[in-house]
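Structure, as structure tokens:
The values are calculated or read from the model by the stated rules, or taken from the named source; none is laboratory data. These numbers were taken from a predicted model, which means no experiment stands behind them. Heads up, the Cβs are rebuilt from the backbone with ideal geometry, glycines too, and the neighbour counts pull from every protein chain shown. When the accessible area is computed, the model is the full protein with side chains, heavy atoms only, and any ligands, DNA or RNA have been set aside. Shrake-Rupley method; radii C 1.70, N 1.55, O 1.52, S 1.80 Å.
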Amino acid sequence: MSSVEEVEAALAEERAALAGAGDERALEEWRTRVLGRSGRLTAILRSLGERPPELRRELGRAANQAKAALERDLAERQRELAERELAALSAGSLDVTLPGRPRPRGGLHPITQTLREILAVFSEMGFASVEGPEVELDRYNFDRLRIPEDHPARDMWDTFWFDEEPSGAGRLLLRTHTSPMQIRYMERHEPPIRIVVPGRCYRYEATDATHEWMMQQVEVLAVDEGISMADLKGTLWECARRLFGSGRQVLLRNSYFPFVEPGVELAVDCFACDGTDPACTVCRGSRWLEIMGAGMVHPEILEASGYDSGRYTGFAAGMGVERIAMLRYGVEDIRHFYQNDLRFLSQF
Ligand code: FA5
């Protein structure tokens, strides 16, 4: 049996409960429990019919007033909570008025840029680009290029060897140059051939300002009827002119590689000292930085590929991409390229 006093006590009690409801979920629970269909006040109002008439009116008025007061309180409390939430959003961890943070933009590595430039030059001269394996057979890296087991050139091109041997195929190594792809390509194709072969090469080598143990080369191979040293010179000349501009001096001098005859190397004048400093780490006072080896493909190699060396001739070259990048950008130490220092890399 409810009395007016009990309604007032319930009103006070529920107001206190409402003040303690701290979030939207607590408010909803409170609403259901107090004002909902089977809520506390609804139950009092429903039971009015069973009351003696003299009590009914007084109790009804008190209960209706209490219900209206609690509904007002609820609306007020909802508004308060919403305001508090908004204030926390704009004053706390999230400032919706801040401008967005720009994402740092990446760029192509200077070696990738240089490599693409080289390939573009040769593509315009009609050379197709093909790739070969970095893990190579002893046979292709050395023997088939006329570098037998006891040849001194093997010392110059020492590399990393694998312990396992694929059955019967010979020993595996990390290739020291891209030249093995000359053999692989000629095995499967007939002249005319015009290809470039970009790729990583490895050497067991003490590093210094111009030597890394991993570097990238681009091999060039052209085989056809009537190819002469003049074609080699013209092609490499054009390549150097396109990469370095016409203000740079280029030197072509004789050299030796077992797989070409005659052999040459191409060097570009030193940007660091102009040949004036005997202690220069880039040219060692020689004025020239070597960027590639080249020559006319040895007739024995053409014959071993099944070509008639009386009919076909060819030229080949292998250039160092890091050395070319050093000259293009004026980088005095090759080791900067692979130290992954953003202060260096973001300059390109
Ligand atoms: C060769 O690798 C021959 N295969 C090139 C060749 C191809 C000759 C076809 C004839 C015909 P060499 O070891 O000189 O040759 O290397 C060629 C170029 O690679 C060098 O001129 C140089 O630019 C670059 N190079 C060689 N070793 C390193 C190294 N340790 N670090 C950076 N660049 C290197």
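Overview of values
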| quantity | calculated |
| --- | --- |
| Condition check for residue 321: in contact (Cβ under 8 Å) with a residue 60 or more places away in the chain and open to solvent by less than 10 Å² (accessible area, probe 1.4 Å) | yes |
| The lone exception for residue 316 - which of (1) assigned to a loop (DSSP other than H, G, I, E, B); (2) buried (at least 18 other Cβ atoms within 10 Å of the Cβ) it fails | (1) |
| Tally of residues being farther than 16 Å from residue 107 by Cα, within 16 Å of the ligand (Cβ to nearest atom) and open to solvent by less than 70 Å² (accessible area, probe 1.4 Å) across the stretch 329-348 | 3 |
| Top-ranked residue of the stretch 6-50 - restricted to ones that are more than 14 Å from residue 67 (Cα to Cα), in contact (Cβ under 8 Å) with a residue 24 or more places away in the chain and among the charged types (D, E, K, R), ranked as most open to solvent (accessible area, probe 1.4 Å) | 24 |
| Which listed residue, of 60, 36, 100, 107, is at pLDDT 90 or above and among the small types (Gly, Ala, Ser) | 107 |
| Restricting the stretch 186-227 to residues that are acidic (Asp, Glu), within 8 Å of the ligand (Cβ to nearest atom) and assigned to a loop (DSSP other than H, G, I, E, B), the residue that is farthest from the chain's Cα centre (by Cα) | 205 |
| Only listed residue being within 13 Å of the ligand (Cβ to nearest atom), charged (D, E, K, R) and in a helix (DSSP H, G or I), chosen from 290, 322 | 322 |
| Members of the stretch 95-113 found to be more than 30 Å from residue 323 (Cα to Cα) and open to solvent by 90 Å² or more (accessible area, probe 1.4 Å), listed by number | 96, 97, 98, 99, 101, 102, 103 |
| Residues of the stretch 137-157 that turn out to be more than 19 Å from residue 296 (Cα to Cα) and open to solvent by 70 Å² or more (accessible area, probe 1.4 Å), as a count | 6 |
| Filtered residues of the stretch 51-65 (kept if closer than 16 Å to residue 11 by Cβ and open to solvent by less than 50 Å² (accessible area, probe 1.4 Å)) | 59, 60, 62, 63 |
| Selection count, the stretch 236-281, where residues are over 33 Å from the mean Cα position of the chain (by Cα), open to solvent by 40 Å² or more (accessible area, probe 1.4 Å) and over 21 Å from residue 219 (Cα atoms) | 8 |
| Residue in the stretch 228-250 that is at pLDDT below 95, within 13 Å of the ligand (Cβ to nearest atom) and in a loop (DSSP other than H, G, I, E, B) present | no |
| Single condition residue 290 does not satisfy, out of (1) farther than 24 Å from residue 133 by Cβ; (2) open to solvent by less than 40 Å² (accessible area, probe 1.4 Å); (3) not aliphatic (A, V, I, L, M) | (2) |
| Qualifying positions in the stretch 136-157 - more than 15 Å from the ligand (Cβ to nearest atom), in a loop (DSSP other than H, G, I, E, B) and among the aliphatic types (A, V, I, L, M) | none |
| The stretch 251-269 - residue that is under 29 Å from residue 303 (Cβ atoms) and among the charged types (D, E, K, R) and, of those, farthest from the ligand (Cβ to nearest atom) | 253 |
| Qualifying position, being exposed (fewer than 12 other Cβ atoms within 10 Å of the Cβ) and within 60 Å of the chain's Cα centre (by Cα), among 82, 68 | 82 |
| Qualifying positions in the stretch 158-171 - away from the ligand (no atom under 16 Å from the Cβ) and surrounded by 19 or more Cβ atoms within 10 Å (Cβ to Cβ) | none |
| Close pairs (7 angstrom Cβ cut-off, 6 or more residues apart or separate chains): over 22 Å from residue 192 (Cα atoms) in the stretch 128-151, open to solvent by 30 Å² or more (accessible area, probe 1.4 Å) and in a helix (DSSP H, G or I) anywhere | 146/300 |
